[in-house]
C-alpha cells in the first residue's frame, strides 16, 4: 500500500513515559508509516519517544527529517543520525515542521506535545492548513483530551465540523487508514472565503 503522504509530522514526548507500551506502540506505528512509504518529520531530539520514533523510522528504511531550535541543539539533545535542520526559534521549528509535512500524527507526550496538537488543530479550524491530524491513543493516553473536545462540542464552543478535524484511534493501521481517507470539511465562512473553501 502506497501512502498519499510523502512526509508525516510526528509529535511525541521527549521522555519515554511511565510504561514501555508507549515506546513499543510508537515503534509499531512508525514502522507502518515507513512500510507505506511515508517519511517522518519530527522535532529532532534524541531522547524519549522522539528518539524512539526517529530510530524506528531509520531502522525501517524510512527518511527522517528533524527540526530543532539552536538552543536545544547546543544542549546536545539533537539526533545527529537524521537529516537535521537547525532553526533559531520554537516558532520557526513548528512552522517548518508543518510546511514540510502532509499530515500530523500525535504520539503520547507532555506539555509541548499538547501545545503542538492544539496549535495544529487551531490552524486547521482557521483554514491555515487542510491536513489530517491523528491522535495515536496508546493505552487510552489521549482519552481525556478527546473527552474534553467532546465536552467543548456539546457546550457549543467547538463546532461539529471542527471536532471532526481531529481523528483518534488506538489501532495504528486503523488510524493511518483514517488519516489517508480523511477529507477536509467545509469550514465556517466567518474565517474562509469561497475560494479558500475548495
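Nothing in this text is a laboratory measurement; each read-out follows from the coordinates by a stated rule. Model, not experiment: these values are computed from the prediction. FYI the Cβ positions are ideal-geometry reconstructions off the backbone, even for glycines, and counts take in every protein chain you see.
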Determine the principal axes of the Cα atoms in the range 46-198, then give the extent along each, sorted from largest to smallest and rounded to whole angstroms. 45, 35, 27
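Counting other beta carbons within 10 Å of each residue's own, what order do 186, 94 fall into, fewest first?
Working: 186 10, 94 21.
Exposure proxy ranking, most exposed first: 186, 94.
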State the Cα centre-to-centre distance between the range 161-180 and the range 86-130 in whole Å. 16 Å
0 to 90° range, to nearest 10: angle between helix 20-35 axis and the chain longest Cα axis: 80 degrees
To the nearest 10 degrees, the tilt of helix 90-100 (Cα long axis) against the first principal axis of the alpha carbons of the chain is 80 degrees
For the chain, the longest principal axis of the Cα atoms and the Cα long axis of helix 111-125 enclose an angle in degrees, to the nearest 10, of 40 degrees
For the chain, calculated [θ]222 nm from helices alone, where every DSSP H run of n ≥ 4 adds -39500 (n - 2.57): -13000 deg cm²/dmol
Likely footprinting exposure, 27, 130, fewest C-beta neighbours within 10 Å first: 130, 27
Calculate how many DSSP beta bridges within the chain are antiparallel, expressed in % of all such bridges and rounded to the nearest 5. 5 percent
Can you put 36, 93 in order of Cβ neighbours within 10 angstrom, beginning with the fewest? 36, 93
